[in-house]
2 protein chains.
Amino acid sequence: MDKPEVKRLLINYKTLEEFQKFKEYGLEELSMLEDLQANIIEDDSNSPFYGIYYGDKLVARMSLYQINAKYDRYFDPPQDYLELWKLEVLPDYRHRGYGTALVEYAKSFGQPIKTNARQQSGEFWLKMGFKPVKYNPVRDRGESPYIWLPEGVKERELKEEDLEL
Amino acid sequence: MDKPEVKRLLINYKTLEEFQKFKEYGLEELSMLEDLQANIIEDDSNSPFYGIYYGDKLVARMSLYQINAKYDRYFDPPQDYLELWKLEVLPDYRHRGYGTALVEYAKSFGQPIKTNARQQSGEFWLKMGFKPVKYNPVRDRGESPYIWLPEGVKERELKEEDLEL
(Lines give C-alpha, C1' and ligand atoms only; values in the text may rest on other atoms or scores of the structure.)
Protein backbone atom coordinates (compact mmCIF):
# COMPACT_ATOMS: atom_id res chain seq x y z
CA MET A 1 0.00 0.00 0.00
CA ASP A 2 1.31 3.46 -0.89
CA LYS A 3 2.00 5.81 1.96
CA PRO A 4 -1.01 8.15 2.12
CA GLU A 5 -0.19 11.72 1.23
CA VAL A 6 -1.20 14.41 3.71
CA LYS A 7 -2.15 17.78 2.24
CA ARG A 8 -2.84 21.12 3.82
CA LEU A 9 -6.44 21.97 2.93
CA LEU A 10 -7.39 25.17 1.18
CA ILE A 11 -10.60 26.93 2.05
CA ASN A 12 -12.86 26.90 -0.98
CA TYR A 13 -16.42 25.77 -1.70
CA LYS A 14 -15.33 22.26 -2.65
CA THR A 15 -13.44 21.71 0.63
CA LEU A 16 -16.28 23.15 2.69
CA GLU A 17 -18.78 20.90 0.97
CA GLU A 18 -16.60 17.87 1.66
CA PHE A 19 -16.36 18.87 5.33
CA GLN A 20 -20.10 18.27 5.65
CA LYS A 21 -19.51 14.52 5.41
CA PHE A 22 -17.59 14.52 8.66
CA LYS A 23 -19.34 14.05 11.99
CA GLU A 24 -17.44 16.83 13.70
CA TYR A 25 -18.82 19.56 11.46
CA GLY A 26 -19.70 22.63 13.47
CA LEU A 27 -19.42 26.37 13.94
CA GLU A 28 -15.78 26.44 12.86
CA GLU A 29 -16.69 25.15 9.40
CA LEU A 30 -19.80 27.33 9.15
CA SER A 31 -17.72 30.35 10.07
CA MET A 32 -15.24 29.59 7.26
CA LEU A 33 -18.14 29.31 4.82
CA GLU A 34 -19.58 32.67 5.92
CA ASP A 35 -16.16 34.33 5.69
CA LEU A 36 -15.76 33.01 2.17
CA GLN A 37 -19.24 34.13 1.10
CA ALA A 38 -18.66 37.60 2.56
CA ASN A 39 -15.23 37.84 0.92
CA ILE A 40 -13.62 38.20 4.35
CA ILE A 41 -11.24 35.47 3.29
CA GLU A 42 -10.07 34.72 -0.22
CA ASP A 43 -10.80 31.56 -2.14
CA ASP A 44 -8.04 28.99 -1.57
CA SER A 45 -6.84 30.54 1.69
CA ASN A 46 -4.89 28.21 3.94
CA SER A 47 -7.02 26.49 6.57
CA PRO A 48 -5.90 24.92 9.86
CA PHE A 49 -7.02 21.56 8.39
CA TYR A 50 -4.91 18.80 6.87
CA GLY A 51 -6.39 15.89 4.98
CA ILE A 52 -5.96 12.79 2.86
CA TYR A 53 -7.63 12.37 -0.52
CA TYR A 54 -8.72 9.12 -2.11
CA GLY A 55 -8.89 10.08 -5.75
CA ASP A 56 -10.41 13.54 -5.51
CA LYS A 57 -12.53 12.73 -2.46
CA LEU A 58 -11.49 13.96 0.99
CA VAL A 59 -11.64 10.89 3.24
CA ALA A 60 -9.70 11.90 6.37
CA ARG A 61 -8.91 15.16 8.11
CA MET A 62 -7.57 16.81 11.23
CA SER A 63 -7.16 20.37 12.43
CA LEU A 64 -3.82 21.58 13.81
CA TYR A 65 -3.70 24.83 15.68
CA GLN A 66 -0.55 26.61 16.84
CA ILE A 67 -0.86 27.67 20.49
CA ASN A 68 1.43 30.36 21.83
CA ALA A 69 3.83 29.50 24.68
CA LYS A 70 2.18 32.05 26.95
CA TYR A 71 -1.01 29.94 27.02
CA ASP A 72 0.84 26.68 27.59
CA ARG A 73 -0.22 24.82 30.73
CA TYR A 74 0.76 21.33 29.58
CA PHE A 75 4.48 21.30 28.87
CA ASP A 76 7.75 21.86 30.71
CA PRO A 77 9.43 24.09 29.74
CA PRO A 78 6.40 26.13 28.57
CA GLN A 79 6.55 26.52 24.80
CA ASP A 80 4.64 26.88 21.55
CA TYR A 81 2.72 23.69 20.88
CA LEU A 82 0.16 22.20 18.52
CA GLU A 83 -3.44 21.49 19.44
CA LEU A 84 -4.83 18.67 17.33
CA TRP A 85 -8.57 18.19 16.98
CA LYS A 86 -11.27 16.85 14.67
CA LEU A 87 -9.15 13.87 13.64
CA GLU A 88 -11.63 11.78 11.68
CA VAL A 89 -11.60 9.18 8.92
CA LEU A 90 -14.81 8.56 6.97
CA PRO A 91 -16.32 5.12 7.87
CA ASP A 92 -15.60 3.39 4.54
CA TYR A 93 -11.94 4.38 4.65
CA ARG A 94 -10.97 3.23 8.13
CA HIS A 95 -8.26 0.65 8.99
CA ARG A 96 -6.00 1.81 6.18
CA GLY A 97 -3.59 3.81 8.31
CA TYR A 98 -5.03 7.22 7.37
CA GLY A 99 -5.48 8.31 10.99
CA THR A 100 -1.95 7.22 11.79
CA ALA A 101 -0.58 9.06 8.75
CA LEU A 102 -2.24 12.30 9.88
CA VAL A 103 -0.89 12.00 13.42
CA GLU A 104 2.62 11.17 12.16
CA TYR A 105 2.41 14.26 9.99
CA ALA A 106 1.51 16.38 13.03
CA LYS A 107 4.49 14.94 14.92
CA SER A 108 6.82 15.79 12.02
CA PHE A 109 6.70 19.48 13.02
CA GLY A 110 8.75 18.52 16.09
CA GLN A 111 6.55 20.48 18.51
CA PRO A 112 4.69 19.04 21.50
CA ILE A 113 1.08 18.14 20.71
CA LYS A 114 -2.04 18.18 22.85
CA THR A 115 -5.27 16.51 21.87
CA ASN A 116 -8.56 15.60 23.55
CA ALA A 117 -9.06 11.82 23.37
CA ARG A 118 -12.72 11.47 22.54
CA GLN A 119 -15.08 8.54 22.94
CA GLN A 120 -12.67 6.06 24.43
CA SER A 121 -10.01 6.59 21.77
CA GLY A 122 -7.29 6.37 24.45
CA GLU A 123 -5.88 3.12 23.02
CA PHE A 124 -5.28 4.76 19.66
CA TRP A 125 -3.44 7.68 21.21
CA LEU A 126 -1.25 5.38 23.32
CA LYS A 127 -0.31 3.49 20.15
CA MET A 128 0.60 6.84 18.59
CA GLY A 129 3.06 7.51 21.43
CA PHE A 130 0.81 9.96 23.29
CA LYS A 131 0.19 9.76 27.03
CA PRO A 132 -2.72 10.87 29.22
CA VAL A 133 -2.05 13.89 31.42
CA LYS A 134 -2.74 13.91 35.13
CA TYR A 135 -6.33 15.18 34.99
CA ASN A 136 -7.00 18.56 36.51
CA PRO A 137 -10.66 19.65 36.67
CA VAL A 138 -10.00 23.40 36.43
CA ARG A 139 -7.67 23.17 33.45
CA ASP A 140 -9.19 20.20 31.68
CA ARG A 141 -12.93 20.78 32.21
CA GLY A 142 -14.14 17.34 31.23
CA GLU A 143 -11.62 16.85 28.42
CA SER A 144 -9.35 13.81 28.25
CA PRO A 145 -6.09 15.47 27.24
CA TYR A 146 -3.39 13.26 25.75
CA ILE A 147 -0.02 14.78 24.95
CA TRP A 148 2.93 13.90 22.77
CA LEU A 149 6.36 14.94 24.00
CA PRO A 150 9.31 15.44 21.66
CA GLU A 151 12.75 14.81 23.16
CA GLY A 152 13.69 17.19 25.95
CA VAL A 153 10.08 18.14 26.77
CA LYS A 154 8.26 16.97 29.90
CA GLU A 155 4.68 17.10 31.13
CA ARG A 156 4.17 20.17 33.27
CA GLU A 157 3.38 19.72 36.93
CA LEU A 158 0.54 22.10 37.64
CA LYS A 159 0.97 24.60 40.42
CA GLU A 160 -1.72 26.76 42.01
CA GLU A 161 -0.88 29.76 39.84
CA ASP A 162 -1.21 27.73 36.65
CA LEU A 163 -4.89 27.43 37.38
CA GLU A 164 -5.31 31.16 37.47
CA LEU A 165 -5.23 30.97 33.66
CA MET B 1 -45.25 9.63 31.23
CA ASP B 2 -43.88 10.79 34.57
CA LYS B 3 -41.50 13.69 34.56
CA PRO B 4 -38.03 12.16 34.84
CA GLU B 5 -36.28 12.95 38.09
CA VAL B 6 -32.81 14.48 37.86
CA LYS B 7 -30.40 13.60 40.67
CA ARG B 8 -27.01 14.91 41.59
CA LEU B 9 -24.65 11.94 41.33
CA LEU B 10 -22.47 10.84 44.21
CA ILE B 11 -19.00 9.50 43.56
CA ASN B 12 -18.88 5.87 44.63
CA TYR B 13 -17.89 2.60 42.99
CA LYS B 14 -21.41 1.95 41.71
CA THR B 15 -21.64 5.35 39.95
CA LEU B 16 -18.16 5.00 38.47
CA GLU B 17 -18.97 1.55 37.14
CA GLU B 18 -22.15 2.90 35.54
CA PHE B 19 -20.17 5.72 33.92
CA GLN B 20 -18.29 3.11 31.87
CA LYS B 21 -21.42 2.50 29.78
CA PHE B 22 -21.28 6.05 28.43
CA LYS B 23 -19.31 6.87 25.31
CA GLU B 24 -17.75 9.99 26.77
CA TYR B 25 -15.87 8.13 29.48
CA GLY B 26 -12.39 9.52 29.87
CA LEU B 27 -9.69 10.89 32.14
CA GLU B 28 -12.18 12.80 34.27
CA GLU B 29 -13.91 9.57 35.31
CA LEU B 30 -10.63 7.68 35.71
CA SER B 31 -9.32 10.45 37.91
CA MET B 32 -12.39 10.21 40.18
CA LEU B 33 -11.85 6.45 40.45
CA GLU B 34 -8.19 6.91 41.41
CA ASP B 35 -9.07 9.58 43.96
CA LEU B 36 -11.62 7.25 45.51
CA GLN B 37 -9.20 4.31 45.62
CA ALA B 38 -6.48 6.47 47.18
CA ASN B 39 -8.94 7.91 49.73
CA ILE B 40 -8.29 11.41 48.36
CA ILE B 41 -12.04 11.81 48.17
CA GLU B 42 -14.61 10.14 50.38
CA ASP B 43 -17.17 7.63 49.25
CA ASP B 44 -20.40 9.41 48.25
CA SER B 45 -18.74 12.80 47.63
CA ASN B 46 -20.69 15.13 45.41
CA SER B 47 -19.67 14.97 41.76
CA PRO B 48 -20.18 17.57 39.01
CA PHE B 49 -22.51 15.04 37.31
CA TYR B 50 -26.29 14.92 37.29
CA GLY B 51 -28.24 11.95 36.02
CA ILE B 52 -31.52 10.15 35.51
CA TYR B 53 -32.15 6.62 36.77
CA TYR B 54 -34.45 4.08 35.23
CA GLY B 55 -35.09 1.75 38.15
CA ASP B 56 -31.62 1.62 39.71
CA LYS B 57 -29.80 1.93 36.38
CA LEU B 58 -28.18 5.22 35.36
CA VAL B 59 -29.43 5.90 31.81
CA ALA B 60 -28.62 9.58 31.21
CA ARG B 61 -26.09 12.04 32.55
CA MET B 62 -24.49 15.42 32.14
CA SER B 63 -21.72 17.33 33.88
CA LEU B 64 -22.25 20.90 35.09
CA TYR B 65 -19.28 22.97 36.05
CA GLN B 66 -19.39 26.38 37.69
CA ILE B 67 -17.03 28.81 35.90
CA ASN B 68 -15.92 31.95 37.71
CA ALA B 69 -16.84 35.35 36.24
CA LYS B 70 -13.18 36.26 35.81
CA TYR B 71 -12.81 33.54 33.14
CA ASP B 72 -16.01 34.49 31.34
CA ARG B 73 -15.53 35.39 27.68
CA TYR B 74 -19.04 34.54 26.50
CA PHE B 75 -21.48 36.73 28.37
CA ASP B 76 -22.29 40.40 28.81
CA PRO B 77 -22.05 41.48 31.57
CA PRO B 78 -19.26 38.99 32.49
CA GLN B 79 -20.51 36.70 35.25
CA ASP B 80 -20.39 33.27 36.83
CA TYR B 81 -21.81 30.73 34.43
CA LEU B 82 -22.31 27.00 33.98
CA GLU B 83 -20.38 24.88 31.52
CA LEU B 84 -22.41 21.84 30.48
CA TRP B 85 -20.69 18.81 28.97
CA LYS B 86 -20.97 15.07 28.52
CA LEU B 87 -24.74 15.22 28.04
CA GLU B 88 -25.55 11.69 26.96
CA VAL B 89 -28.50 9.30 27.04
CA LEU B 90 -27.82 5.56 26.66
CA PRO B 91 -29.04 4.32 23.23
CA ASP B 92 -32.00 2.23 24.51
CA TYR B 93 -33.39 5.16 26.49
CA ARG B 94 -33.42 7.88 23.87
CA HIS B 95 -36.51 9.79 22.65
CA ARG B 96 -38.09 9.82 26.09
CA GLY B 97 -37.22 13.41 26.97
CA TYR B 98 -34.32 12.53 29.28
CA GLY B 99 -31.87 14.84 27.51
CA THR B 100 -34.41 17.65 27.62
CA ALA B 101 -35.06 17.03 31.33
CA LEU B 102 -31.35 17.34 32.09
CA VAL B 103 -30.98 20.57 30.13
CA GLU B 104 -34.11 22.06 31.75
CA TYR B 105 -32.61 21.17 35.11
CA ALA B 106 -29.39 23.01 34.20
CA LYS B 107 -31.43 26.07 33.18
CA SER B 108 -33.29 26.02 36.51
CA PHE B 109 -30.19 27.43 38.25
CA GLY B 110 -30.88 30.71 36.42
CA GLN B 111 -27.26 31.19 35.31
CA PRO B 112 -26.06 31.49 31.72
CA ILE B 113 -24.92 28.19 30.24
CA LYS B 114 -22.26 27.37 27.68
CA THR B 115 -21.94 24.02 25.96
CA ASN B 116 -20.03 22.59 23.02
CA ALA B 117 -22.50 21.24 20.45
CA ARG B 118 -20.95 18.00 19.35
CA GLN B 119 -21.52 15.89 16.26
CA GLN B 120 -24.10 18.05 14.59
CA SER B 121 -26.31 18.32 17.66
CA GLY B 122 -27.01 21.98 16.84
CA GLU B 123 -30.72 21.32 16.16
CA PHE B 124 -31.20 19.90 19.64
CA TRP B 125 -29.57 22.91 21.28
CA LEU B 126 -31.69 25.33 19.24
CA LYS B 127 -34.79 23.47 20.40
CA MET B 128 -33.54 23.87 23.97
CA GLY B 129 -33.39 27.65 23.50
CA PHE B 130 -29.63 27.85 23.07
CA LYS B 131 -27.95 29.83 20.30
CA PRO B 132 -24.64 29.44 18.49
CA VAL B 133 -22.00 32.06 19.32
CA LYS B 134 -20.16 34.00 16.67
CA TYR B 135 -17.21 31.63 16.21
CA ASN B 136 -13.82 32.93 17.23
CA PRO B 137 -10.85 30.67 16.42
CA VAL B 138 -8.63 31.82 19.31
CA ARG B 139 -11.30 31.47 21.98
CA ASP B 140 -13.23 28.55 20.57
CA ARG B 141 -10.43 26.35 19.18
CA GLY B 142 -12.56 24.05 17.07
CA GLU B 143 -15.47 23.90 19.52
CA SER B 144 -19.05 24.72 18.50
CA PRO B 145 -20.14 26.77 21.50
CA TYR B 146 -23.86 27.22 22.04
CA ILE B 147 -25.06 29.44 24.85
CA TRP B 148 -28.24 29.90 26.83
CA LEU B 149 -29.02 33.40 28.05
CA PRO B 150 -31.29 34.09 31.02
CA GLU B 151 -33.15 37.40 30.96
CA GLY B 152 -30.91 40.45 31.08
CA VAL B 153 -27.82 38.62 29.79
CA LYS B 154 -26.39 39.13 26.31
CA GLU B 155 -23.76 37.42 24.21
CA ARG B 156 -20.43 39.15 24.68
CA GLU B 157 -18.88 40.90 21.72
CA LEU B 158 -15.24 39.88 21.75
CA LYS B 159 -12.61 42.57 21.79
CA GLU B 160 -8.90 42.17 21.15
CA GLU B 161 -8.05 42.05 24.84
CA ASP B 162 -10.55 39.28 25.48
CA LEU B 163 -8.34 37.02 23.42
CA GLU B 164 -5.32 37.73 25.57
CA LEU B 165 -6.79 35.38 28.20
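The values are calculated or read from the model by the stated rules, or taken from the named source; none is laboratory data. This structure is a prediction, so every number in the text was calculated from the model and none was measured. Cβ: placed from backbone, ideal geometry, glycine included. Neighbour counts: every protein chain shown. Calculation scope for accessible area: heavy atoms of the full protein, side chains included, ligands and nucleic acids excluded. Shrake-Rupley method; radii C 1.70, N 1.55, O 1.52, S 1.80 Å.
Of all residues in segment A:62-98, those satisfying the criterion of being surrounded by fewer than 19 Cβ atoms within 10 Å (Cβ to Cβ), within 12 Å of chain B (Cβ to nearest Cβ) and aromatic (F, W, Y) are A:Y65, A:Y71.
In segment B:47-61, the qualifying residues are those that are assigned to a strand (DSSP E or B) and more than 14 Å from B:G99 (Cα to Cα), and the one that is least open to solvent (accessible area, probe 1.4 Å) is B:S47.
When segment B:1-33 is limited to residues that are in a helix (DSSP H, G or I) and aromatic (F, W, Y), the one that is most open to solvent (accessible area, probe 1.4 Å) turns out to be B:Y13. Among the residues of segment A:136-152, those that are of a type in the set (A, V, I, L, M, F, W, C), open to solvent by 10 Å² or more (accessible area, probe 1.4 Å) and under 23 Å from A:F124 (Cβ atoms) comprise A:W148, A:L149.
For A:K131, the stated conditions hold: it is touching a strand residue (DSSP E or B) at 6+ places or on another chain (Cβ under 8 Å), basic (K, R), more than 10 Å from chain B (Cβ to nearest Cβ) and open to solvent by 50 Å² or more (accessible area, probe 1.4 Å).
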